[in-house]
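The values are calculated or read from the model by the stated rules, or taken from the named source; none is laboratory data. Quick caveat, the model's predicted, so the values are computed rather than measured. Positions of Cβ are generated from backbone atoms using ideal geometry, with glycine treated the same way; all protein chains shown enter the neighbour counts. In case anyone asks, the SASA skips ligands and DNA or RNA and just uses the protein heavy atoms, side chains included. Shrake-Rupley method; radii C 1.70, N 1.55, O 1.52, S 1.80 Å.
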Amino acid sequence: MNEVQLFSTCLAEEFFPQVNDAAATVLERLRVKVIPVRRAFCCGQVAFNEGLRQEAVGLARRFLKSVKPGIPIVAPSGSCTSMLKIFYGDLLANEPALAEKAAAIRPWIFEFSQFLVNVLKVKYVGARYERAVAYHPSCHLMRELNVRSEPMTLLSAVSGIKLCEVRDREECCGFGGMFSVKFAHISAAMLGDKMARIKDSGAEVVVSNDCGCLMQIGGGLNRAGAAIETRHLAEILAAR
């Protein structure tokens, strides 16, 4: 695989730009040419989830004009990848021309860890990270894309890392996009449970594949005064 189209996603673009840099670094070290998707910044998921279909279709149209089939499209987000790969079918059901474009790129869309392990067939990327790390799997990554073992396969191969077991690891952190705003009390309770289990694990760093989860967990840990950091998987894999 000689080149990929790297879709940065809006959360990474606005709040976690280091994630895009890290993902590009890892891919380039594997001798893959990285083509940034520059004309689109959002897949439209938030608008779609809120029932703002016209706005979501506009964002989908912009995205589909910015990419092309035949070259893998990689996103450092299970959430955005599932929107592009799965939910565009629903969103664009009444837009035949756009639906045709979405169908053409669907086989070429991959989440970051999924692409590394299942397409490039790599486990060890030369990373070294000598800290205690807990992994948090995002909901869309597991439940929509069925990406479960790939992130841990990559983390397990990082030199010097200590992996910490988190009880009930697969439970949601409570973010869910607008869910955390509309149902703040439920979201906060879910986050509280997640943070308690992370603290119990002995981790110094929490790793996830989704910036939304990192924002939710990181914000909670910061407000609680906990000395636990958050990092995207790509940042760990880019570390030396």
(message) Tally up the residues in the range 123-152 that are of a type in the set (A, V, I, L, M), open to solvent by less than 10 Å² (accessible area, probe 1.4 Å) and in a loop (DSSP other than H, G, I, E, B), please.
(response) 2
(request) Could you check how many residues of the range 8-24 are closer than 16 Å to residue 81 by Cβ and small (Gly, Ala, Ser)? (result) 3
(request) Filter the range 1-53 down to residues that are out of contact with any Cys (no Cβ under 8 Å at 6 or more places or on another chain), of a type in the set (Val, Ile, Thr) and in a helix (DSSP H, G or I) and give me whichever is least open to solvent (accessible area, probe 1.4 Å). (result) 26
(request) Kindly list, by first and then second residue, each pair from a residue in the range 18-35 that is on the phi < 0 side of the Ramachandran plot to a residue that is among the polar types (S, T, N, Q) and crowded, with 16+ Cβ neighbours inside 10 Å, limited to pairs with Cβ atoms under 6 Å and residues at least 6 apart or on different chains. (result) 20/8; 35/5
(request) Scan the range 54-77 for residues that are in a helix (DSSP H, G or I), closer than 28 Å to residue 234 by Cβ and of a type in the set (A, V, I, L, M, F, W, C) and jot them down. (result) 56, 59, 60, 63, 64
(request) Check the range 153-176 and report whether any residue there is open to solvent by 30 Å² or more (accessible area, probe 1.4 Å), in a helix (DSSP H, G or I) and of a type outside the set (Gly, Ala, Ser). (result) yes
(message) Looking only at the range 68-94, filter to residues that are surrounded by fewer than 20 Cβ atoms within 10 Å (Cβ to Cβ) and of a type in the set (Val, Ile, Thr); which one of those is farthest from residue 17 (Cα to Cα)?
(response) 86
(request) Go through the residues of the range 195-207 one by one and say whether even a single one is open to solvent by less than 50 Å² (accessible area, probe 1.4 Å), of a type in the set (A, V, I, L, M, F, W, C), free of Cβ contacts under 8 Å to residues at least 40 places away in the same chain and in contact with a Ser or Thr (Cβ under 6 Å, 6 or more places away or on another chain). (result) no
